[in-house]
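K.L.:
Sharing a structure, written as structure tokens. Questions coming.
The values are calculated or read from the model by the stated rules, or taken from the named source; none is laboratory data. Predicted model, so just to flag it, every value in this text is computed and none were measured. Here Cβ is always computed from backbone atoms with ideal geometry, including for glycine, and neighbour counts include all displayed protein chains.
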Amino acid sequence: MRLRNVPGAKDAILECDWVIDEPEKFKGKWESVFGEKRPLFLEVGMGKGRFLMDMARLHPERNFIGIEMYDSVLLRALQKREELEEQGESFSNLVFIRVDARLLPEIFEKDEVDGIYLNFSDPWPKARHAKRRLTSREFLARYEQVLKKDGVVEFKTDNRGLFEFSLEEVRESDWNLEVCTFDLHHDEELVKGNVMTEYEEKFSSMGNPICKMVIKQK
Ligand code: SAM
């Protein structure tokens with residue numbers, strides 16, 4: 001099926017082999033989806049998926065799952081993947097799930113996930129929406145329910161306010177701050193091996209500094 005010719009996002013997504021329908025059925029056995037047990041990494045809020053496709057290409061020794069809650073956005077990632085596969089690429093270590101990340105603990109077993117990437121997460125600027133921020137203490141608690149003990153969460157954003165909020169949430173929770181920079185692209189050490197996301201490309205080209213943190217459970 002050529003996804004770029006399909007008008008209805010939902011129907012196209014449901015028929016696509018790379019999108020896992022009813023993901024909770026695979027809780028505790030995600031290696032069966034990939035056919036091989038490899039360390040498992042998630043991007044929560046993957047958008048159009050450029051980062052994860054680059055990561056999947058660079059790290060064939062890992063499995064990746066992209067999580068996105070909107071059909072229309074997920075469809076853009078599927079179209080991009082289809083385009084790359086038509087050019088001869090294959091991504092046997094990458095699948096997608098269309099779900100709200102609030103459901104992570106229903107989809108993954110404790111200790112099943114090695115790492116979580118949060119890239120340019122929505123800021124939800126109103127205080128009453130703070131719980132929706134993907135670095136809120138509520139979300140950090142969900143990550144604890146699925147991550148291995150030494151698993152990491154890596155977060156990048158150009159939004160200084162969201163970054164400061166996230167640092168505060170980390171301080172108030174059971175996490176250690178392993179890495180922290182307010183200007184990733186000008187940090188010679190930390191920028192090595194950095195894989196850019198769509199938003200990162202856009203905002204850094206406008207001159208916005210990119211903040212990054214890496215956190216681990218205590
Ligand atoms: N990570 C991409 C990047 O850096 O280019 C996309 C960033 S975009 C600003 C944030 C994405 O996260 C949106 O596509 C949004 O739909 C998704 N998102 C926000 N909250 C989510 C949630 N609770 N569960 C799943 N996806 C979510």
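K.L.:
Kindly indicate which of Phe165, Phe139 is part of a helix (DSSP H, G or I), out of contact with any Ser or Thr (no Cβ under 6 Å at 6 or more places or on another chain), at pLDDT 95 or above and farther than 28 Å from Trp30 by Cα.
P.N.:
Phe165 is the lone residue from the list that is part of a helix (DSSP H, G or I), out of contact with any Ser or Thr (no Cβ under 6 Å at 6 or more places or on another chain), at pLDDT 95 or above and farther than 28 Å from Trp30 by Cα.
K.L.:
Okay, moving on. Which ones in the stretch 96-149 are within 13 Å of the ligand (Cβ to nearest atom) and β-branched (Val, Ile, Thr)?
P.N.:
Residues satisfying the conditions are Ile97, Val99, Ile107, Ile116, Thr135.
K.L.:
Another question, if that's okay. Which one is farthest from Leu52 (Cα to Cα) among residues in the stretch 186-203 that are away from the ligand (no atom under 11 Å from the Cβ) and surrounded by 15 or more Cβ atoms within 10 Å (Cβ to Cβ)? Outline the logic, then answer.
P.N.:
Keep residues of the stretch 186-203 that are away from the ligand (no atom under 11 Å from the Cβ), which gives 186-194.
Adding the requirement that they be surrounded by 15 or more Cβ atoms within 10 Å (Cβ to Cβ) leaves 187, 190.
Values: Asp187: 23, Leu190: 19 Å.
The extreme case among them is Asp187.
K.L.:
Another question about this same structure. Answer yes or no as to whether Gly161 is among the small types (Gly, Ala, Ser) and within 16 Å of the ligand (Cβ to nearest atom).
P.N.:
yes
K.L.:
Same structure again: Could you check the stretch 204-218 and list, in sequence order, the residues that are within 17 Å of Gly115 (Cβ to Cβ), among the β-branched types (Val, Ile, Thr) and within 15 Å of the ligand (Cβ to nearest atom)?
P.N.:
None - no residue of the stretch 204-218 is within 17 Å of Gly115 (Cβ to Cβ), among the β-branched types (Val, Ile, Thr) and within 15 Å of the ligand (Cβ to nearest atom), so the list stays empty.
K.L.:
How do the pairs read when you match residues in the stretch 177-188 that are more than 13 Å from Met213 (Cβ to Cβ) with residues anywhere that are among the hydrophobic types (A, V, I, L, M, F, W, C), using Cβ under 6 Å and keeping only pairs 6 or more apart or on different chains?
P.N.:
Pairs found: His185/Val191; His185/Ile210.
K.L.:
For the stretch 20-52, give me each residue that is on the phi > 0 side of the Ramachandran plot and touching a helix residue (DSSP H, G or I) at 6+ places or on another chain (Cβ under 9 Å).
P.N.:
Gly45, Gly47, Gly49
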